[in-house]
Amino acid sequence: MKIKSILIANRGEIAIRIIRTAQKMGIRSYVIKTAKEPNAWYLDEADEVIDFTESIDSNIPEFLDIERIIDHAKKHKVDAIHPGYGFLAENPDFARRCEEEKIIFIGPSPDAIYRMGHKTIAKELARKHTVPLLGGSKGAVADAEEARTIASEIGYPVILKAAAGGGGRGMRIVGKEKDIERMFNLATKEAEKAFNNPDVFIEKYVREPRHIEFQILADKHGNLVHLGERECSVQRKHQKLLEESPSPALDEELRSRMGTAALKIARSVNYYSAGTVEFLMDEDNNFYFMEMNTRIQVEHPVTEMVTGIDLIEQMIRIAEGKTLPFTQDEIKLNGWAIEWRINAEDVQSGFSPSLGTIEKISWPENEHIRVDTGVRDGSVITPYYDSMIAKLIIHAEDREKALQQSTIAIRKFWIKGTKTTLAFCRAVLQNRNFRKGRFNTSFIGKELKIFYQHEADEEMLAAFFAAYDYAREIHEHEDKPLYTEKGKEIAPWVLNKRLR
């Protein structure tokens, strides 16, 4: 079936990303307007806007309200729904409801979503299909005592993980037997709160691994390919901060073996659509299946840049029933791509969200640069959604040139109105081990103990501006400029320069 209209059950940059591919394919796009973001940029990009700002008797957030989304999709007679990432993207009930209402779900089958979403089922499938796994429980752990028994068998350290979720929630590392009960209780409570399911499993914890993921595409006719790997090891609390493709740690032989393992996992659930298979890799290049994400990933642009393949377009084509237009032998990785996530976060306060209005945002533009964003001048960073402002993607012929281009682009990327992670990106780029490709998931804790760049005279400048603001406050009642020259107010940064 040819898809002529798509409801995008998402917001922000991924909504704009899907809209633009839909436009390229001649497909009409529908988006959802919420009271939390009534002036969001993505609303202006779509062909039609469905208003969810009206008050209803529901405590369910707009992008999680399955029945409301389905109801409006039927009212507007859309052919398909694309869930993007997050929200309902990996909810098998949502995919099933789309099927029941004869709406095309642009993603995998409900069964594949369910089985890969439940980590213990996914691990059992990996074991059955001889994909490498870390030692641990074969299913959910009944209680702390069972966790203690398994941990003593496989040896400490171990990690407890939520069976029904991911993203670092419901996850606890246990280094000693005396901590197992406390950590088990913490993990199950967090899993219950985050995923409405307290089940956790236990496995051997790999110290300082690399986090490598493989992008796969599969159609409904049994054709599967992988599009190479993404290096995702620079993380904070299991949240990725930047990604690159390919990985500096892989050669062709290892890439082939890991790619083959990723396709085995996909075949185990008759997978179709885009998906990502994630692995941990130790210092000896032994790799272990971790999980499969049954959706498009935030970091998908780096794969698009090195392969030239539009993943959203392929998801839509697959949903229409078309076959993949290429084979594994035809997939070539061209050059190197790095994605820098630019978030509205105060790095000096432990990456806490920095809310406010984007007064001005600008970035350089050339053939090496791609920027995916859902904000513009005047956009508001609210507490309701994630803090990502933009993704800066750099493509070059090799890693060294990609790093050089990243340095230039980040220096010219400018955001006024909120604190961002741009300084953190600069600090990463200046790190010698990162530039040499020698890093793993412990990189931030070991290499960047101070999460910010210390500019020259930073403390003196901070003290000066604080004193200036204090003096202005004292003299405010006089209703005249604090410092003047020839009748005009002198800006504090000009005065500071003169005093220095």
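What number of residues in segment 242-267 are within 17 Å of ALA402 (Cα to Cα) and assigned to a loop (DSSP other than H, G, I, E, B)?
4
Within segment 352-368, how many residues turn out to be surrounded by 19 or more Cβ atoms within 10 Å (Cβ to Cβ) and either of a type in the set (A, V, I, L, M, F, W, C) or closer than 14 Å to LEU422 by Cα (or both)?
Going through segment 352-368 one residue at a time, the tally reaches 3.
Which condition does LEU134 not pass, out of (1) closer than 19 Å to TYR271 by Cβ; (2) surrounded by 19 or more Cβ atoms within 10 Å (Cβ to Cβ); (3) touching a helix residue (DSSP H, G or I) at 6+ places or on another chain (Cβ under 9 Å), if it passes all the others?
It is condition (1) that LEU134 fails.
Go through segment 193-205 and give me each residue that's more than 26 Å from GLU244 (Cα to Cα) and outside any strand (DSSP E or B).
Of everything in segment 193-205, those that are more than 26 Å from GLU244 (Cα to Cα) and outside any strand (DSSP E or B) turn out to be LYS193, ALA194, PHE195, ASN196, ASN197, PRO198, ASP199.
Residue-wise test of (1) over 18 Å from VAL78 (Cβ atoms); (2) without any contact (Cβ under 8 Å) to a residue 60 or more places away in the chain; (3) not in a loop (DSSP other than H, G, I, E, B).
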position: GLY26; (1), (2), (3): no, yes, no
position: SER29; (1), (2), (3): no, yes, yes
position: PRO38; (1), (2), (3): yes, yes, no
position: ASP44; (1), (2), (3): yes, yes, yes
position: VAL49; (1), (2), (3): no, yes, yes
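Do any strands (runs of 3 or more DSSP E) lying entirely in segment 273-349 carry at least 1 residues that are surrounded by fewer than 18 Cβ atoms within 10 Å (Cβ to Cβ), and which ones are they?
Output list is empty.
Does ILE14 qualify as being farther than 23 Å from ILE56 by Cβ, of a type outside the set (Phe, Trp, Tyr) and not in a strand (DSSP E or B)?
yes
With among the acidic types (Asp, Glu) and assigned to a helix (DSSP H, G or I) as the only criterion, which of GLU208, GLU213, GLU190 stands out?
Sole residue among the options that is among the acidic types (Asp, Glu) and assigned to a helix (DSSP H, G or I): GLU190.
Search segment 13-36 for residues being charged (D, E, K, R) and crowded, with 19+ Cβ neighbours inside 10 Å, and hand back the single one that is farthest from ARG370 (Cα to Cα).
So, considering only residues that are charged (D, E, K, R) and crowded, with 19+ Cβ neighbours inside 10 Å, the one farthest from ARG370 (Cα to Cα) is LYS33.
Each value in this text was obtained by applying a stated rule to the coordinates, not by laboratory testing. Everything quoted here is computed from the prediction, not taken from an experiment. Backbone-built Cβ (ideal geometry, glycine too); neighbour counts: all protein chains shown.
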